[in-house]
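Chemist: My structure is below; once you've seen it, I'll send some questions.
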Amino acid sequence: MKLNDLFNLTGLPVFIASLCCLAPIILVLLGLSTLSFAVSLTNILDGQYRFAFVLAGLVTLVVSLIFYFRKRGVCTLDQVVKHRNEIINKVLLTLIVSAIGYYLFFIVFLGYVGRILNLWQ
């Protein structure tokens, strides 16, 4: 699996899973929201609905893996059994890269951007 394929598979799911805190930042940067509303929206989305965003990211990851393997010719159960080790390795690799990407994007990047914009302390 090429590095480009790995980033294509995991980029959108990580972005979707991080939308709970990214959306208020975008609203503030575009001037569509006040800072106090963005902070309260972040508290609601990150506190109560974070699992929904993570679940949406996982569903997007599964769909992107299905499209990836279909594009490579793995369409029937016989082909899945034939390429079982390859599929398991690629799924585990994308899960690990997605978890690392989620951590880096959500915790590190959004945390620092939020502190720079004084969205949270």
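Read-outs: derived from the displayed coordinates by stated rules, not from any lab. Because the structure is predicted, anything quoted here is derived from the model rather than measured. Don't worry about glycine lacking a Cβ; one is built from the backbone with ideal geometry, like all the others, and counts go over all protein chains shown.
Chemist: Using only the Cα atoms of region 1-40, build the gyration tensor, take square roots of its eigenvalues as a ≥ b ≥ c, and label the shape rounded, prolate or oblate: rounded if a/c is under 1.5, else prolate if a/b is larger than b/c, else oblate.
Modeler: Because a/c hits 1.5 or more and a/b exceeds b/c, region 1-40 counts as prolate.
Chemist: Next question. L6: net charge of surrounding residues, Cβ under 15 Å, Lys/Arg +1, Asp/Glu -1, itself excluded?
Modeler: After counting each charged neighbour, the total is +2.
Chemist: If you take Rg/Rh (Cα atoms, Kirkwood Rh) from the coordinates, which of (1) 1.27; (2) 1.10; (3) 1.43 do you get?
Modeler: Entry (2).
Chemist: Quickly rank 8-21, 39-52 as a protection proxy: mean count of other C-beta atoms within 10 Å, highest first.
Modeler: Result, highest mean first: 8-21, 39-52.
Chemist: Local charge sum around L19 (other residues, Cβ-Cβ under 15 Å, Lys/Arg +1, Asp/Glu -1)?
Modeler: 0
Chemist: What lysines does K82 reach when the alpha-carbon gap must be under 20 Å and sequence neighbours fewer than 8 apart in one chain are set aside?
Modeler: K71, K90
Chemist: Next question, about the same structure. How much length, in nm to one decimal, is gained on full extension between R70 and S40, taken as 0.36 nm per residue of separation minus their Cα-Cα distance?
Modeler: 6.6 nm
Chemist: Additional query: Say the dipole of the chain comes from +1 at the beta carbon of Lys and Arg and -1 at that of Asp and Glu; which of F51, I107, F15 then lies farthest toward its positive end?
Modeler: Value: F15.
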